[in-house]
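Notes follow once the structure below has been shown.
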Amino acid sequence: MATQTDPQVYQGEEKIIVAIDLGTTHTAVSFAHAYPGTDVDVRMVTRWKGQPEAAGDSKIPTIVAYEQGEMIAAGAEAREFIGDDAYEVSRWFKLHLHPDSMKISDEPPTYDSDTNTSPAMEIPLLPSNVTLTQVYSDFMRYVFLGFRTFFQETTPNGVAIWGRLSSSIVIVLTIPNGWDTRQQGFLKKAALRAGMVQSEEDAELRLEFVTEGEASVHYVLGKVSHRTWLKKGTMFAVTDAGGSTVDSTLYVCKALEPKLELEEVCASECVQAGGVFVDRAIRTLLTEKLSESRFGDNESISDMVDKFERRTKRVFDGSQESLVIEFGGRRDNDRDYGILQGKITLTGSEVGTTFDQVINRSSDSCLKLLGGRRVKHLLLVGGFGESPYLRLRLKDEFGSKGTEVVTVEEPSKKAAAEGAVLWYTKQMVSGRFARFTIGTQIIVPFNPANAEHLKRRNHVVVLPSGDTCLRHGFEIIVKKAGIPLYSELYWLISFQGQLVPQNFSKLSRFTYSYSEKPQSLDHFKQNLLIWEGEGMPEWVKDADGM
């Protein structure tokens, strides 16, 4: 029996916690009604409009259907409008939000056809007169209302509990490891537009963000008894292979008692690779293969890709000599192209080529993360992580290096969704590596003997003390991938003279000039700046003030 001092027991205020894992192809929602002194029971939303045949399946398609710029359906219901020229269906819209740093350094893998004319990755266009913010807010509103209905109908006294706690619900959104503060700001605006929060101030109080990698490790350790394989000093990796990204993080166990404590070993990895790129590859293969067939039209190809994604891709393990994609009826035949009674037969080798480059990128990312270290376990989760072929290839690659590849996710669930609630309540990761350099703008003493300072002499300012200084200097607080960011630093950076998180401290003098007399000096805010590039910048702006 759990006791009040048990570290696994929830000690905070009574509240509802909901986590939304909005994926490229599928979305899932988990939640908990946390009550002080009890264990947190995480539940998944398993009932959605238009998905009665999938009772117990928490995943819904991440798609939204529009008619003349207005949303008419989302999730499973939106599937009915695919292919109908009177409507526009938005899918894979998460790809539009990937930061430039991912698009530049992690270009999606291409499918190398025999003709070597494979097109570059094309992100599906948004519906006419519909912005990305609108698509996100429409879908997030649909998801949140579905969660509300499920909570009220499946929780004893659910309507009353919702009425009492709805204004303080904590909303946790999962994001890829490679996303940054700009994507978080975008999601805050979308959540506000969706009615999930009431104001920007409310969003700051109730919206939380966690990387898919960190949410996944909480899911894994919540499902697998760590006592049998984890001890102090054990190093292990978690790879979340999703629809459009593969996120990998390397952890070391720092403590088992009084609670499990993990720390990142190095900066996490995030590459554009995942299930949607296999779907893109099969589309390219089928388009070229059937270019002279009467089934080479866009509608027929789209039907084949849809059936491939739903079944063929999920059963392929590399051992099959041939595989069948069912897409039509008994009268659909073209024997010259392997189509018989609405079924097209592909060789196992053909199907394998659609996986190869995606798996190679995923494997290379994991190898880079491990960096030759002795890692005992690689825990594989995520929708694409359910692929038998991916599992086999990773086991072949890492098994020879002494790393065991283990799959722990239940097929009907999304690890990041359930793990995000556990992350909020348990916080097992105490140290993280920064993905960018964090600092603030300062003034620096002017040195006339410094050539760079002379270039910037137009930005000289004389302080009341008589000291001559230059504007636009940059003071570094945390270096990119330099030291672990401990929990307090990750969420709170204070400039009140001293910054003292768990095992990190920074003491510095801070001076602020006011143009008008302030009403109070007790509290003030200072913007933080981030630098995503390499090296350590000294200045916020160039010599011209740009």
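Some notes on this structure:
- Pairwise FRET efficiency - residue 224 versus residue 530, Cβ, R0 = 41 Å, nearest 0.05: 0.70
- Counted residue by residue at 0.36 nm each, then reduced by the alpha carbon distance between them, the extension gain from residue 314 to residue 326 reaches 2.9 nm.
- FRET efficiency estimate (nearest 0.05) - Cβ-Cβ, residue 182 to residue 11, R0 30 angstrom: 0.30
- Potential lengthening of the chain between residue 333 and residue 367 amounts to 7.7 nm, from the contour at 0.36 nm per residue minus the alpha-carbon distance.
- Computed over protein heavy atoms with a 1.4 Å probe, the carbon and sulfur contribution to the accessible area of segment 196-297 reaches 49%.
- Cross-link pairs exceeding 32 Å in C-alpha to C-alpha distance, out of 94/231; 232/479; 313/479, comprise 94/231; 313/479.
- Divide the volume of the convex hull around the Cα atoms of segment 27-95 by the residue count and you get 119 Å³ per residue.
- Taking every Cα-Cα distance in segment 127-219 and sorting them into 5 Å bins starting at zero, the pair-distance distribution P(r) comes out as 3, 12, 19, 21, 20, 15, 7, 3, 0 percent.
- Expected-Rg normalisation [2.2 N^0.38 Å, Cα atoms] applied to segment 181-283: 1.37
- Theoretical gain in end-to-end length, residue 266 to residue 347 [0.36 nm per residue, Cα-Cα removed]: 25.1 nm
- Across the accessible surface of segment 315-423, with the other protein chains kept in place and a 1.4 Å probe, carbon and sulfur atoms take up 45 percent.
- The packing ranking, built from the mean of other Cβ atoms within 10 Å per residue, places the peptides 216-226, 414-424, 148-158 in the order 414-424, 216-226, 148-158, highest first.
- Amide H contacts under 5 Å for residue 539: 474, restricted to partners 5 or more places along the chain or on a different chain, H placed in the peptide plane at 1.01 Å from N.
- Whichever lysines have a C-alpha closer than 18 Å to that of residue 541, once near sequence neighbours (fewer than 8 apart) are set aside: 455
The values are calculated or read from the model by the stated rules, or taken from the named source; none is laboratory data. What you see is a predicted model; the values in this text were computed from it and never measured. Cβ coordinates were reconstructed from backbone atoms using ideal geometry, including for glycine residues, and neighbour counts include every protein chain displayed. Accessible surface is based on the protein model in full, side chains and every heavy atom, while ligands, DNA and RNA are left aside. Shrake-Rupley method; radii C 1.70, N 1.55, O 1.52, S 1.80 Å.
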